[in-house]
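Nothing in this text is a laboratory measurement; each read-out follows from the coordinates by a stated rule. All values derive from a computational prediction rather than experimental measurement. Ideal geometry is used to build each Cβ from the backbone, glycine not excepted, and the neighbour counts take in all protein chains shown.
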């Protein structure tokens, strides 16, 4: 059947049927993809786990943002895995619960310790929203992203959140919380919650340059981790106790 014939058949459908086929087309495109991370982190991690025969992966995604687009954990979810998704934005958490019902979703800001509620600067690029006012102001001033609203959100300590999740056997962690990553990684209790692979946003982008924060390398080395591979934004660290 020619494209023009298919198009004529599509135009003859009811609006409800058209909407169904549009959703189905998007679902098929998503299912065909082998990576959803911004820079291919998920496919590399998946290949590493497959190499060692690890398939039933438990993950934790701190600063999860969109359930699919640029997600470091959706590829694992699609393969049948499940884990914990944390995001401060309540609207994002609604989308996470709708798209990924097997996962545990917690709506909260994450810090080293629990605190009183804080203001979340919601940016026009969701993934750049932050609890750090100076972080959001810099993005705004440099024209990278612009603040569209400000909402008050609960703030919980990282280890309190991990305890609430209830699993100590963790395979993969993705940490991306715009300005609080180092504070949270420093407070992480690696004696109780020790993932095999830990993905951290170590790169910082300004209008004029891109730099890696070397403090993360020293911190993770002190916790018994070494860099396994790098992408433009992230570094994936491996637990040396397992090598």
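Inverting the mean 1/r over all pairs of different Cα atoms, compute the Kirkwood radius of region 37-242 and quote it in Å.
17.1
What's the ranking of 71-80, 148-157 by average number of surrounding C-beta atoms within 10 Å, highest first? Mind showing how you got there, number by number?
Working: 71-80: 21.4, 148-157: 14.9.
The peptides rank, most packed first, as 71-80, 148-157.
Just to check, using Stokes-Einstein with a Kirkwood Rh over alpha carbon pairs, what's the diffusion coefficient of region 123-243 at 10 °C and 1.306 mPa s in µm²/s? Don't skip to the answer; put the middle values down first.
Details: Rh = 15.7 Å.
For the chosen part, D equals 101 µm²/s.
Return 61, 103 ranked ascending by Cβ neighbour count within 10 Å, so the fewest neighbours appear first.
103, 61
Once R0 is set to 25 Å, what does the formula 1/(1 + (r/R0)^6) return for the Cβ-Cβ distance between residue 150 and residue 99, expressed as a FRET efficiency to the nearest 0.05? Spell out each step's value before the answer.
On the way: r = 26 Å, r/R0 = 1.03.
Efficiency at R0 = 25 Å is approximately 0.45.
Taking every pair of alpha-carbon atoms in region 47-155, what share in percent sits in each 10 Å bin, from 0 to the bin with the longest distance?
The calculated distribution, bin by bin, is 14, 40, 30, 13, 2.
Using the per-residue mean of other Cβ atoms lying within 10 Å as a proxy for protection, in what order, highest first, do the peptides 36-45, 180-189 fall?
36-45, 180-189
Which ordering of 49, 165 is given by a fewest-first count of other beta-carbon atoms within 10 Å?
Fewest to most other Cβ atoms nearby, the residues stand as 165, 49.
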